[in-house]
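Worksheet for the structure shown next.
The values are calculated or read from the model by the stated rules, or taken from the named source; none is laboratory data. Small disclaimer: the values here were computed from a predicted structure and weren't measured. A quick note on method: Cβ atoms are made from the backbone with ideal geometry, for glycine too, and the neighbour counts reach across all protein chains shown.
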Amino acid sequence: MSPDGAHDMTEDKTRAGAAQGIPEAAGWEDPISGLNGPDFWQRVLVAEVSRSLRYRCPLTIVVVELSGLDELASAWGPDVARHTLREASQGVLRTSRSSDYCTRIGVSRVGVVLTETDEIAAINFVERVREAVPKRLPRGADSLRLGFGWASPKPGESADKVVRRAETRLMMELLA
């Protein structure tokens, strides 16, 4: 359940991925993806959204889902799934700028804080990732689908609400 009491569709995917031998991201660093972990994400997210609102700087939060990773783990094993997750995560990282923050925030999910970036520029980032990541994936990962959601903070909006809006956009894309 999400904090507002609604069923969170991502919880089911998280449990499924963990059951297939792909551990949930935890702590400050994630050894599987080579990215920072969810603890880092929470700290950076709050700080950057606050900074964006205080100084009126553009900021966009992007959430990337590697949909189908649990099926890949079932078909090819957890080692292939972990390798695929690492390659996809590194593809997102290499497409971002040094001023951006890329973090593994779920079993098959990466969060990106795009500093000094409005939503139009974020769409360009999404398209670059959409093009770059599949080139990095191993054979057999053809069934995977990248989903994206993004949102920029509105005046007075909390970091959690921005992420929820990005996740809503992500779910709408994955369900389409």
Open item on the list: Pairs needed: first member in the stretch 49-69, on the phi > 0 side of the Ramachandran plot; second member anywhere, outside any helix (DSSP H, G or I) and basic (Lys, Arg); C-beta distance under 8 Å; at least 6 residues apart or different chains.
Closed with: Gly68/Arg145
Task: Among residues of the stretch 133-162, those that are closer than 28 Å to Ser52 by Cα and touching a helix residue (DSSP H, G or I) at 6+ places or on another chain (Cβ under 7 Å), counted - done: 11
Open item on the list: Conditions first: (1) in contact with an Asp or Glu (Cβ under 6 Å, 6 or more places away or on another chain); (2) under 15 Å from Phe40 (Cβ atoms); (3) not small (Gly, Ala, Ser). Val107 passes all but one, so which condition is the exception?
Closed with: (2)
TODO: Please work out which residue is nearest to Val80 (Cα to Cα), limiting yourself to the stretch 32-59 and to residues that are buried (at least 16 other Cβ atoms within 10 Å of the Cβ) and hydroxyl-bearing (Ser, Thr, Tyr).
DONE: Ser33
Task: Yes/no for Glu65 being under 15 Å from the mean Cα position of the chain (by Cα) and farther than 21 Å from Ile22 by Cβ - done: no
TODO: Name, by its number, the condition in (1) under 24 Å from Asp39 (Cβ atoms); (2) in contact (Cβ under 8 Å) with a residue 40 or more places away in the chain; (3) within 16 Å of the chain's Cα centre (by Cα) that does not hold for Ala132.
DONE: (1)
Open item on the list: Here are the criteria: (1) more than 14 Å from the chain's Cα centre (by Cα); (2) part of a helix (DSSP H, G or I); (3) within 28 Å of Leu175 (Cβ to Cβ). Tell me which single one Ile32 does not satisfy.
Closed with: (2)
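When the stretch 101-148 is examined, which residues are found to be on the phi < 0 side of the Ramachandran plot, outside any helix (DSSP H, G or I) and charged (D, E, K, R)? Walk me through how you get there before you give the answer.
Let us first name the residues in the stretch 101-148 that are on the phi < 0 side of the Ramachandran plot, namely 101-115, 117-139, 141-148.
Filter once more, keeping what is outside any helix (DSSP H, G or I): 101-115, 117-118, 137-139, 141-148.
Matches in the stretch 101-148: Arg104, Arg109, Asp118, Arg139, Asp142, Arg145.
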Open item on the list: Against the conditions (1) without any contact (Cβ under 8 Å) to a residue 40 or more places away in the chain; (2) closer than 19 Å to Asp30 by Cα; (3) not aliphatic (A, V, I, L, M), where does Lys161 fall short? Just the number, please.
Closed with: (2)
- [ ] Could you check Ala16 against (1) part of a helix (DSSP H, G or I); (2) buried (at least 16 other Cβ atoms within 10 Å of the Cβ); (3) modelled with pLDDT of 75 or more and say which number it fails?
- [x] (3)
